[in-house]
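S.K.: Structure below; questions to follow.
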Amino acid sequence: MVEFGKKLKERQIQEWQEFYINYKLMKKKVKQYTNQIETGALEQRTALKDFSRMLDTQIERTVLFMLEQQGLLACRISQLNKEQDFLHHQPDISKISDLREAYRAVGRDLLKLLFFVEMNAIGLRKILKKFDKRLRYKFTDYYVKTRANHPYSQLQQVFKHVGLGAVVGAISRNLGDLQDHQGSYLSIYDQPSLPLQDPVVDALKAAADRLTHSTHFLNFLAQHAFIMHEELPSAAEEPSGEERYHFMSLLLNLASTFLYMVNTYIIVPTADDYSMSLGAAPTVCGIIIGAMAIAQIFSSVYLSAWSNKSYFGPLVFSSLVLCAGNVMYAMAYDANSIAVLLIGRLLCGLGSARAVNRRYISDCVPLKYRMQASAGFVSASALGMACGPALAGLLQTNFKIYKITFNEETLPGWAMALLWLLYLVLLWITFREPARETEVDHVPQEPNTDEQVNLENGPAQPLLLKSNETEEDEEGDEEYDMSEEASEESRRPANSLASAYRLLTPSVKVQLLIYFMLKYAMEILLSESSVVTTYYFGWTTGTVSIFLACLGLTVLPVNIVVGSYISNMFEDRQILMASEIVVFLGILFSFNFIVPYSVPQYVVAGLVMFVSAEVLEGVNLSLLSRVMSSRLSRGTYNGGLLSTEAGTFARVVADATITLSGFVGQSKILNITLLPSLLICIASIVATCCTYNSLY
């Protein structure tokens with residue numbers, strides 16, 4: 001990767017060059033402090049004080065220039081408003097067209113300013129991390145906490161930038177007013193649902209959303225999908241190719257996600273009965289359910305690698321394997337073989353194409369549709385989670401055809417085999433393989449003209465701690481005379497799980513631990529529900545199906561509330577900590593410490609744990625995308641794959657725990673399986689507290 005100092009210099013807007021933070025000077029200062037402290041010529045406290053003063057000065061110069069530019073843009077808009085008022089009374093088509101172009105010109109200059117803010121913010125974050133690493137002191141925690149929360153801090157302007165939002169709003173409103181709606185003037189405030197089709201406005205809104213970390217409902221849902229993006233912004237970056245986007249192919253990927261989640265949870269209400277029908281203990285249901293997750297650990301890797309060359313091939317393979325696996329699952333009853341049943345579930349896991357579905361959205365969906373596509377991915381998963389148990393509850397029948405048994409235990413397998421067969425036919429007919437892009441080395445350009453500001457994408461990532469780097473990036477920033485081979489090596493994506501693991505910082509590891517914890521807790525709740533409720537409450541398969549379906553149906557309403565309201569009132573890290581505490585309480589009150597164990601206690605505690613875990617998942621993946629290395633945003637071993645593997649491994653461990661706890665008796669299975677959940681939850685809360693200030 002090109003060293004950040006060089007990259008900052010290459011991408012600077014030349015006429016604003018003197019107002020950028022002096023990254024090179026601050027880097028030399030950090031090196032100087034390190035040498036002086038090591039020789040005893042300088043105290044660490046003095047270095048901290050001196051560097052704080054330097055940062056304040058650098059940020060103040062940048063912020064004051066930003067405010068000055070905001071004022072100039074506001075003056076231009078004010079002048080254009082006067083012309084617009086005149087045209088409102090004396091309409092002139094040609095002058096209205098000229099006025100629109102004038103507003104767009106202001107918008108393009110505003111995009112340059114947004115790019116300027118972001119590059120400075122990334123530079124600030126990088127130098128803070130470098131200082132922490134060299135002086136072995138958590139200076140970032142201190143500096144961000146004291147400056148960001150102080151009412152007179154210049155850093156507040158970087159985080160809040162209310163003025164920039166006002167300018168974006170003014171340009172959007174006036175362009176909306178000038179848009180011809182059959183002779184009427186419609187305000188964006190009167191008709192907020194009316195889309196304004198203008199590339200400048202779209203780019204401004206996208207840039208403003210990224211800078212403010214906006215998390216409306218679609219955005220909050222999209223966080224669950226964890227679609228990785230490239231790290232640094234580029235004013236000369238090309239927009240995603242529309243020619244690669246095929247709506248029907250996207251729908252087929254979302255359908256694959258939906259069917260796979262249905263396939264995963266359709267057997268949960270009947271897995272314990274099926275295991276007993278084959279002569280095994282009811283707690284073997286943990287292995288039956290978990291077999292799919294075990295195989296998914298491996299399928300995620302090889303299908304993700306396969307998707308480097310094709311998307312159609314992995315999806316066809318996935319459908320065929322899932323169809324075969326479900327047939328074997330259903331035939332195990334008449335074969336009276338638990339081995340056939342487990343092989344069938346393993347085959348289903350080997351057909352998991354969720355990594356491919358994520359990759360398709362990341363690679364083939366244009367940026368302007370990617371948030372909706374990511375939200376669709378999450379919605380399809382949530383709907384599949386609810387529909388699986390509900391469908392199992394409907395398949396309550398018993399008959400035979402040619403000595404093949406169709407009952408509540410085998411029908412889930414037959415039903416899913418038929419659905420995957422129909423999906424395969426539709427896939428073969430309608431899927432279109434996207435064209436493969438060839439990588440071209442671009443010569444860096446300076447964004448000093450309007451044409452060089454990308455109106456489709458805008459600045460690529462938001463603000464101070466949203467872009468990510470690795471230890472390799474930091475080391476690569478030390479000297480400007482590094483070899484081209486070293487730069488190229490530091491830019492390459494991880495080529496193995498081991499190399500991907502080496503790129504994980506403590507903050508990333510904590511977020512992956514949290515993801516492991518919430519997936520473990522949810523899997524324990526869902527997978528053992530049939531065994532626990534049958535033992536304590538005598539629930540039938542239909543009752544268990546209704547309970548699980550109701551849990552799944554809470555996902556979207558909860559995300560609407562959190563994404564539309566709560567996330568706009570609190571920081572992600574605050575929601576993260578609160579959600580972890582609520583998950584802890586849900587787990588704690590699920591324990592059987594009250595005799596007799598009651599239905600209200602189980603249902604309420606389970607609902608609290610499940611809902612808070614769903615909230616936690618969205619915030620967790622959002623923060624994970626901010627602190628994860630940019631080298632994990634592409635390639636086979638990407639961030640999405642790592643999170644998938646962490647979640648899948650958690651499910652495997654949870655299902656194994658359920659099966660092993662069966663050896664001590666069903667009366668103790670609830671408390672034994674909940675104890676690891678409680679301990680892992682406590683560990684994740686402690687780890688979050690230790691890295692809290694790095695999650696800004």
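None of the figures in this text is laboratory data; all of them are computed from the coordinates on show. What you are looking at is a predicted structure, and each value in this text was computed from that prediction instead of being measured. Reconstructed Cβ throughout: ideal geometry from the backbone, glycine too, with neighbour counts over all protein chains shown.
S.K.: For the residue pair Asp92 and Ala41, what label-to-label distance in nm results when each label sits 7 Å from Cα along the Cα-to-beta-carbon direction?
M.R.: With each label point 7 Å from Cα toward Cβ, the separation is 6.9 nm.
S.K.: Can I ask one more? Could you tell me which residue out of Tyr20, Ala41, Ile59 lies farthest along the dipole of region 9-59 toward its positive end? Charges go on the beta carbon: Lys and Arg +1, Asp and Glu -1, centred on the Cα centre.
M.R.: Among Tyr20, Ala41, Ile59, the one farthest towards the positive end of the dipole of region 9-59 is Ala41.
S.K.: Still on this structure, please answer the following. In whole Å, what is the distance between the alpha-carbon centres of region 371-390 and region 585-657?
M.R.: Comparing the Cα centres of region 371-390 and region 585-657, I get a distance of 16 Å.
S.K.: Right, next: Can you tell me which of 677-686, 578-587, 8-17 comes out highest on packing, and rank the rest after it, using the mean Cβ neighbours within 10 Å? Let's see the in-between values first.
M.R.: Working: 677-686: 18.0, 578-587: 20.9, 8-17: 15.5.
Descending mean neighbour count gives 578-587, 677-686, 8-17.
S.K.: Here's something else I'd like to know. Apply 1/(1 + (r/R0)^6) to the Cβ-Cβ distance of Ala335 and Ile297, taking R0 = 22 Å, and write down the FRET efficiency to the nearest 0.05.
M.R.: 0.25
S.K.: In addition: So if each residue of separation counts as 0.36 nm, and I subtract the Cα-Cα distance between Lys509 and Asp56, what length gain in nm does that give?
M.R.: Contour length minus the Cα-Cα distance gives 160.0 nm.
S.K.: In whole angstrom, note down how far apart the Cα centers of region 16-87 and region 538-556 are.
M.R.: Using only Cα atoms to place each centre, the spacing works out to 55 Å.
S.K.: While we're on this one: Label-point separation (nm) for Arg502 and Val664, each offset 7 Å from Cα along Cα-to-Cβ?
M.R.: Each label point lies 7 Å from its Cα, and together they span 4.1 nm.
S.K.: Another question, then. Rounded to the nearest 0.05, what FRET efficiency is calculated for Thr554 and Gln396 with R0 set to 22 Å and r the Cβ-Cβ distance?
M.R.: Values: r = 24 Å, r/R0 = 1.10.
With a Förster radius of 22 Å, E is 0.35.
S.K.: Along the charge dipole of region 547-696, Cβ charges K/R +1 and D/E -1, which of Val653, Leu551, Gly618 sits furthest on the positive end?
M.R.: Most positive-ward Cα: Val653.
S.K.: Which order do peptides 77-86, 270-279 fall in by mean Cβ count within 10 Å, highest first?
M.R.: Working: 77-86: 14.2, 270-279: 20.8.
Final packing ranking: 270-279, 77-86.
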